[in-house]
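Worksheet: the structure to be examined is printed underneath.
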Amino acid sequence: MITINKKDYKIIDVHTHLPWQDEYKTIKEKEQCLIDELKKNKIDSAVLIADSLSESCIGNNQECFDVVKRNANLKMVYGFTPLERFDEQLTELHEMLEKKEVIGVKLYPGHEDFCMNDSRLDKVFKLCIKFDVPVVIHTEWNWDYYPQYSHPFFISQIAEKYKDLRIVCAHIWIPRSIESIKQTIKHDNIFYDMSSFAFDDEYKKLYPKATFITYEKAIEILEEIINKNPDKIMFGSDFGTLKIDAHIEIVSRLNISELNLSKLLFKNAQKIYRI
Ligand SMILES: [Zn+2]
């Protein structure tokens, strides 16, 4: 058990969204909720990940960009889909990268019907390399019917083909994190964020069919990953759906060194996202 003394550590949450719940009616209300939550949990800065869809309860790219512009402690990751408005998105993304308005690109395979070996994605990877930003990929195994579009095999293939591309695997294929790490860890350009490792009771009630891990299991997995690969993994919560305080609780219970804690909480994020 470690205590997180805020004098010694910054905290960067690399995986947040605007909340989708009905009680937040407008983007302004969603923004306020996120900002209040960051403040309550003493988060120094956060990465806000936009949805790739033009209509979204977690905010599309333009809506998220408006939020980020108003808050100096937020950076934005662009949500991209290869399934619609391809050239339009590519142009918009290019412009935003040029102006340094976004610090990464998020893909949602599995949530959306495309696989990570889809050759349309090559253009996105090349843009990420050109502007030196990571691509963030949604990775999980949680649902029985869930297509394994971001299987570690495909991610390894991309890492091999694009050695200058930094790849962030969001959620580390939870709950099959250890076996997936084994398949991907040898690539210097693959990194991970621990968002969605803390499934609180509220979430479990909402999604009773998902395969959850307990806090104890999450701690066991994270300790194993961090102690062996301290430069690879970043703190994230998936706020909007899950809770920041629950993720901090898990981190505070980890048996890791102070140096590795500082890497987890902010140093790795600074390097990987160049922030
Ligand atoms: Zn997310």
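Just so it is clear, none of the values below were taken in a lab; they were calculated from the coordinates. Please read these numbers as outputs of a predicted model, since none were measured by experiment. Counting neighbours? That spans all protein chains shown, and the Cβs are built from the backbone with ideal geometry, glycine included.
Quick one: what are the phi-derived ³J(HN,Hα) couplings along segment 186-202, Karplus 6.51/-1.76/1.60 with θ = phi - 60°, whole Hz, x for glycine and proline?
Running phi through 6.51 cos²θ - 1.76 cosθ + 1.60 with θ = phi - 60° gives 5, 7, 5, 9, 9, 10, 9, 10, 8, 4, 6, 7, 10, 8, 7, 4, 4 Hz.
Filter the trypsin sites (Lys or Arg not before Pro) in segment 167-240 to those in DSSP coil with at most 13 other Cβ atoms within 10 Å of their Cβ, and list the result. If you can, show how the numbers build up before the last one.
Details: sites: R176, K182, K186, K204, K205, K209, K217, K228, K232; in loops: R176, K186, K209, K232.
Passing both the DSSP loop test and the Cβ count: K186, K209.
Quick check on the exposure proxy: order H17, H138 from fewest to most C-beta atoms within 10 angstrom.
So the ranking, lowest neighbour count to highest, is H138, H17.
Label the chain by shape, choosing from rounded, prolate and oblate, from the square roots a ≥ b ≥ c of the eigenvalues of the Cα gyration tensor; if a/c is under 1.5 it is rounded, and otherwise prolate applies when a/b is larger than b/c, oblate when it is not.
In terms of gyration-tensor shape, rounded.
For segment 202-268, count all C-alpha to C-alpha pairs, find those more than 15 Å apart, and express that count as a whole percent of the total.
55 percent
Where a Cα-Cα gap under 21 Å defines reach, which lysines qualify for K209, not counting those fewer than 8 residues away within the same chain?
Partners found: K217, K243.
On a 19 Å Cα-Cα criterion, which of the cross-link pairs K39/K99; K186/K228; K99/K130; K10/K99; K42/K263; K30/K75 come out too long?
Where the Cα-Cα span goes over 19 Å, the pairs concerned are K39/K99; K10/K99.
Give me S52, S156 ranked fewest to most by other Cβ atoms within 10 Å of their Cβ, as a rough exposure proxy.
Result, fewest neighbours first: S156, S52.
By counting other Cβ atoms within 10 Å of each Cβ, how are W141, W173 ranked from fewest to most?
Ordered from fewest to most neighbouring Cβ atoms within 10 Å, W141, W173 come out as W141, W173.
Using a simple charge model, +1 on the beta-carbon of Lys and Arg, -1 on the beta-carbon of Asp and Glu, nothing else, what dipole does the chain show about its Cα centre, in debye to the nearest 20? Could the numbers behind the result be given before it?
Details: 38 positive and 44 negative charges, 188 e Å.
I would put it at about 900 debye.
How big, on average over all directions, is the shadow cast by the Cα convex hull of segment 65-146, in nm²? Display every interim value, and only then the final one.
Values: hull surface 25.0 nm².
About 6.3 nm², averaged over all directions.
Using a 10 angstrom cutoff on alpha carbons, build the Gaussian network for the chain and name the most mobile of P230, P82, P208.
Residue with maximal mean-square fluctuation among P230, P82, P208: P208.
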